[in-house]
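The values are calculated or read from the model by the stated rules, or taken from the named source; none is laboratory data. What you see is a predicted model, and the numbers here were worked out from it, not measured in a lab. Using ideal geometry, Cβ is built from the backbone for each residue, glycine included, and neighbour counts are taken over all protein chains shown.
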Amino acid sequence: MIRCERLTQTYASGGRELVVLKDISFELAAGGFLAISGPSGSGKSTLLGLLAGLDQPRSGRVWLDGDELTHLNEDARARLRGQKVGFVFQSFQLIPTLTALENVMVPLELRGEAAAERAEALLSRVGLADRLHHYPAQLSGGEQQRVAIARAFGIRPRALFADEPTGNLDAATGATVIDLLVELNREAGATLVLVTHDPELAARARRVIRLAGGEVVSDSAA
């Protein structure tokens, strides 16, 4: 499902070139659950963005479900993300002026699908059947993250990328959110790639790649 070869990413900083990722290579089979862990500044979120086609590397290659992202322009990558990729972020990124139901409907409507029925079913699946018409400001952090998860699974993604999805939640709520992601990963068969600095959360994955200083320092199966 996901393959990267010798990924390197650099950014200009104060007239110098800052190396954020260096020579990253690995493969992940369809339906897998990978955690990318490491301390702050180790390159975790940068790597996630490259794997999901949100950014292009300085050098190296990335494949997602058979498509080489590094050979696609931004428009083509955006189309691919709309067809195959779901995202869950630490900050939820819900539209504040839309209800929970409407937030989940947005990506479905962009694909020209009948959205309301599927969105309602997804929200019920994540335990929010009684919160369909509430706005994000009326929801707890855990409820907002569950809306974000329902939205991410709306398009039936082949791959789901989650960047610190429990970072704004307390421990108990965060554990519930991870339980839900794991359950949906198994049920839907979507490949799950999760970024976290929390070793306990990383241990929930079936495989853990640990970064330090932009390089892979360990790659282990659970």
- [ ] Name the single residue, out of those in the stretch 71-99 being within 16 Å of residue 154 (Cα to Cα) and polar (S, T, N, Q), that is modelled with the lowest pLDDT.
- [x] 83
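Hey, among the residues in the stretch 183-195 that are touching a strand residue (DSSP E or B) at 6+ places or on another chain (Cβ under 7 Å), more than 17 Å from residue 90 (Cβ to Cβ) and not small (Gly, Ala, Ser), which one's surrounded by the fewest Cβ atoms within 10 Å (Cβ to Cβ)? Please lay out each step first, then the result.
Pass one, the stretch 183-195, residues touching a strand residue (DSSP E or B) at 6+ places or on another chain (Cβ under 7 Å): 185, 190-195.
Then drop every residue that is not more than 17 Å from residue 90 (Cβ to Cβ), which leaves 185, 190-191.
Still in the running and not small (Gly, Ala, Ser): 185, 191.
Numbers: 185: 20, 191: 24.
Here the residue is 185.
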TODO: Could you figure out which of (1) modelled with pLDDT under 95; (2) exposed (fewer than 14 other Cβ atoms within 10 Å of the Cβ) isn't true of residue 133?
DONE: (1)
Task: Check on residue 30, touching a residue at least 12 places away in the same chain (Cβ under 8 Å) and among the aliphatic types (A, V, I, L, M) - done: yes
Task: Flag if residue 54 is touching a strand residue (DSSP E or B) at 6+ places or on another chain (Cβ under 7 Å), of a type in the set (A, V, I, L, M) and closer than 30 Å to residue 200 by Cβ - done: no
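Here is a list: 195, 217, 177. Which entry is under 19 Å from the mean Cα position of the chain (by Cα) and assigned to a strand (DSSP E or B)? Lay out the reasoning, then the answer.
Working: 217 fails: under 19 Å from the mean Cα position of the chain (by Cα); 177 fails: assigned to a strand (DSSP E or B).
Criteria check complete, one pass: 195.
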TODO: Please determine, by comparing only the residues of the stretch 150-174 that are crowded, with 16+ Cβ neighbours inside 10 Å and among the aliphatic types (A, V, I, L, M), which one is nearest to residue 62 (Cα to Cα).
DONE: 159
Task: Yes/no for residue 57 being surrounded by fewer than 15 Cβ atoms within 10 Å (Cβ to Cβ) and not in a strand (DSSP E or B) - done: no
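Among the residues of the stretch 196-222, count how many are acidic (Asp, Glu), more than 24 Å from residue 10 (Cα to Cα) and either surrounded by 12 or more Cβ atoms within 10 Å (Cβ to Cβ) or modelled with pLDDT of 95 or more (or both). Please lay out each step first, then the result.
At the first step, the residues of the stretch 196-222 found to be acidic (Asp, Glu) are 198, 200, 215, 219.
When the remaining residues are screened for being more than 24 Å from residue 10 (Cα to Cα), the result is 198, 200.
Those still in the list that are either surrounded by 12 or more Cβ atoms within 10 Å (Cβ to Cβ) or modelled with pLDDT of 95 or more (or both) too: 198.
Qualifying residue count for the region: 1.
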Task: Tally of residues being more than 16 Å from the chain's Cα centre (by Cα) and loosely packed, with under 15 Cβ neighbours inside 10 Å across the stretch 60-97 - done: 11
